[in-house]
Each structure stands twice: as C-alpha cells, then as structure tokens.
1. May I ask you to derive the relative contact order of the chain, considering only C-alpha pairs under 8 Å and at least 6 residues apart, and to give it as an integer percent?
2. Nearest 5 is fine: what % of DSSP beta bridges in the chain come out antiparallel, could you say?
3. At q = 0.09, 0.13, 0.14, 0.16 Å⁻¹, what log₁₀ I(q)/I(0) does the chain have when each alpha carbon counts as one equal point scatterer in the Debye sum?
4. Going by average Cβ density within 10 Å per residue, which order do the peptides 181-189, 94-102, 244-252 take, highest to lowest?
5. Quick one: which of LYS7/LYS40; LYS52/LYS138; LYS137/LYS242; LYS174/LYS271; LYS153/LYS242; LYS174/LYS242 span more than 25 angstrom between C-alpha atoms?
6. Tally Lys and Arg at +1 and Asp and Glu at -1 over the other residues with C-beta under 13 Å from the C-beta of MET55: what net charge comes out?
7. Placing +1 at every Lys and Arg Cβ and -1 at every Asp and Glu Cβ, with all other atoms neutral, what dipole size does the range 40-172 have around its Cα centre, in debye to the nearest 20?
Amino acid sequence: MRLHDHKYLGRSLEQLYLQLKNDFSSVIQVDSDLRYIMCKVLGISSTEFVTKSHMIPHPQYAEDILRIVMKRSSGEPLAYILGSQHFYGLEFQVGPEVLIPRPETELLVEMALDSMTGSSRVLDVGTGSGCIAISVKKNRPDATVEAWDICDKALNLATRNARHHSAEVEFAQKDALQDATWQSTGEGFDLILCNPPYIAREEADQMSREVLDHEPDLALFAGDNGLCFYEKLANRASWKLKSHGKLICEIGYLQGQSVRELFLSLGWQVKLFQDYSGRDRIIIAERTGMEL
C-alpha cells in the first residue's frame, strides 16, 4: 500500500495525529489506539511522543501508521495487527491461533504467585500464548512449570514466547477434556492454573464482532452453558493435585455462583474473588479437609 493522500505527508507528529484522529475517530478508539500505534511504529515512548511532537516522520513511517490504522478501523484487533500484547510486564507474541491476553487474567497470575511456597510444581491448562505459564516462571524461577494446549499452532507460539523470555517451561500437546490425559500425567502439581473457554454459544450474539470474527472459537466457547471445562477440572484435577494443592481458574463475571456450586457439589472448598472492577473473576479451589 502506498500513500497517495498528501494530507498525511510532511506533517509533524502532532499534525499527523490530529489528522488521523479527525479521519478515523468514528471507527477506532482513538484515545486508546492511535497514539499507541504511532509510538509503536516510530519506536518511541509516550513521553517522547509529546516532547518530539514537532518531529516530521519519514514518509514510510507515516505509511506504516496509516496502514495499521486502516486495518484497525476494519475491526481487526490491534494485538493481531502488531503481533504482540503486553501482559504482566512482558510482551508476548500473539496471532489468530491464540486468545489475546487480557488485563483481568493478570489477577490469576498474581494469585498463583501469592499461593506458591518453596519450589512449586505448576501446571497451566490451555496455555495459548503461554502468558500465564511464562509470567509465573519469570517471577518464580525456582518453580517447575508445565503447560498444556490442544492446539499445535498455539504451542509453537507459546514456545517462541518462552524462548524469547528465557523462561524454561515444559510445553505439551494434550487435551484436558480427556480422562486419559490426566491418567497418563506423572508427578502431581502444587498448583493447577486455567483460563478456560467459558462462554456459552448462546451468548455469541452479545459479543463484539471484533472478538467473534478474529479470536479462536476453541479458546472462547464451551458447552454446558460455558461450564464444560470447569466440570472436567472439578472431576479430574484432584487426581494430580498434591496434598494442599490448589486449583486457580479464571471465570466469566456472571459465572461465579454457578462455578462455585459446581465445585462445592464435587467435594471442593472454594473461594471466589473479584477483579479490580468488582466482578467475579477468579476461583481458588482445594479439596475438602484441607486448609484453604
């Protein structure tokens, strides 16, 4: 793509920003996206964006900025366009084969780190980009971290992320919905972490087209009103949890009581935690008879 419209050329950063804001404000989230796009392309910080607002970018940079803005205006997620997403202080490669890491999932990592004592063995079920497993390993280098996913393309991406961050994580292609997967797993774990698919198919019409059209169905939707994965974890995760081990899961903000009752009915002790918006977001489960 080449720029033919002179109004984007020879402009200072501030002028280019204002012109793009004027032209695309109806189709992109200008305040949250546009400045970030420009900083990313130019390789400058948000502070430098202000202090260098008089700078005139090279036409190639202006072209790259416009190309990204036009893609974003079509509804493609910015993380997929740029190929990366920040999560828990690290930058992860992402693509359409994995769910884009969300800020609310950082709470799962925080709770995992708070729950760890000594050299813990940790399992991340449905690792996707590897953001949870890698973040845990980077913050607790003494931990042994294993991560499963059913998708080979996701595992390839997660492996690249682990290599980029020099994080030693053992990745394996496994289907957590199959009993044989849990039966064939060797040593037990102190922590099992999971941000599973938890959206019911019936809820699809309430979701944004941006998510539905671009993010993988496998990472979004689950059967049994979105509870399929939780039911399997409630029935099988205890097979591989050590004494006093904990299962920590992200949940949909409307699923708190349903998931809690499911685990309670199968002999678990459960605590429900809210995210920073006050919505139900995390459960920590431990088998009855163990101190939670």
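1. Numbers: 484 pairs, mean separation 38.8, N = 292.
This gives 13 percent for the chain.
2. Bridges in the chain are about 45 percent antiparallel.
3. Relative scattering, expressed as log10 I(q)/I(0), comes to -0.50, -0.91, -1.02, -1.22.
4. Order by mean packing, descending: 244-252, 94-102, 181-189.
5. On the way: LYS7/LYS40 21 Å; LYS52/LYS138 34 Å; LYS137/LYS242 19 Å; LYS174/LYS271 28 Å; LYS153/LYS242 31 Å; LYS174/LYS242 20 Å.
Distance filter (> 25 Å) returns LYS52/LYS138; LYS174/LYS271; LYS153/LYS242.
6. Result for the local shell: 0.
7. 380 debye
The numbers here are math on the coordinates, done by the rules we state, and not lab data. Computed from a predicted model, the values in this text were never measured in an experiment. Every residue, glycine among them, receives a Cβ derived from its backbone with ideal geometry; neighbour counts consider all protein chains shown.
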